[in-house]
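The values are calculated or read from the model by the stated rules, or taken from the named source; none is laboratory data. Everything numeric in this text was worked out from a predicted model, so none of it was measured. Cβ atoms come from the backbone with ideal geometry, glycine included; neighbour counts cover every protein chain shown. Surface areas here come from the heavy atoms of the whole protein model, side chains and all, with no ligands, DNA or RNA. Shrake-Rupley method; radii C 1.70, N 1.55, O 1.52, S 1.80 Å.
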Amino acid sequence: MVLAFDTVFTLPGVLIFASMTAYLVAQLIDVNIFHMIKKITNSKHLWLRNNFSTMISQLIDTIIVNTKRYNINLYLRYLD
């Protein structure tokens, strides 16, 4: 009973931490890609810089969160 209680109430904290970590990493990558493209295009094509950097950073965010969630699910299966 205690194990089930701990599993239910500690999991959201871990997922929130994983989500916030992924967000921070993705935002740092977003800014770096945006400025890299800005240098390449000589400060032109704002729409390209914005959309491309956001797409890449959101993909990275999704990969990090899903990887953490998958690892947590594997860990919970071994607790049984």
Seminar exercise, completed: PRO12 passes all but one of the listed conditions (1) under 19 Å from ILE63 (Cβ atoms); (2) open to solvent by less than 80 Å² (accessible area, probe 1.4 Å); the exception is number (1)
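Going by what's in this entry, would ALA22 be described as open to solvent by less than 80 Å² (accessible area, probe 1.4 Å), in contact (Cβ under 8 Å) with a residue 40 or more places away in the chain and of a type outside the set (Val, Ile, Thr)?
yes
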Problem set entry | Where PHE5 falls short, out of the listed (1) assigned to a helix (DSSP H, G or I); (2) at pLDDT 85 or above; (3) of a type outside the set (A, V, I, L, M) | (2)
Seminar exercise, completed: Of LEU74, LEU48, the only residue that is modelled with pLDDT under 95 and either within 18 Å of the chain's Cα centre (by Cα) or open to solvent by 60 Å² or more (accessible area, probe 1.4 Å) (or both) is LEU48
Exercise. Counting only residues that are touching a residue at least 24 places away in the same chain (Cβ under 8 Å) and closer than 17 Å to THR21 by Cβ, which one in region 51-61 is most open to solvent (accessible area, probe 1.4 Å)?
Worked result: GLN58
Seminar exercise, completed: Taking region 35-45 and keeping residues open to solvent by less than 80 Å² (accessible area, probe 1.4 Å) and under 28 Å from THR21 (Cβ atoms) leaves ILE37, LYS38
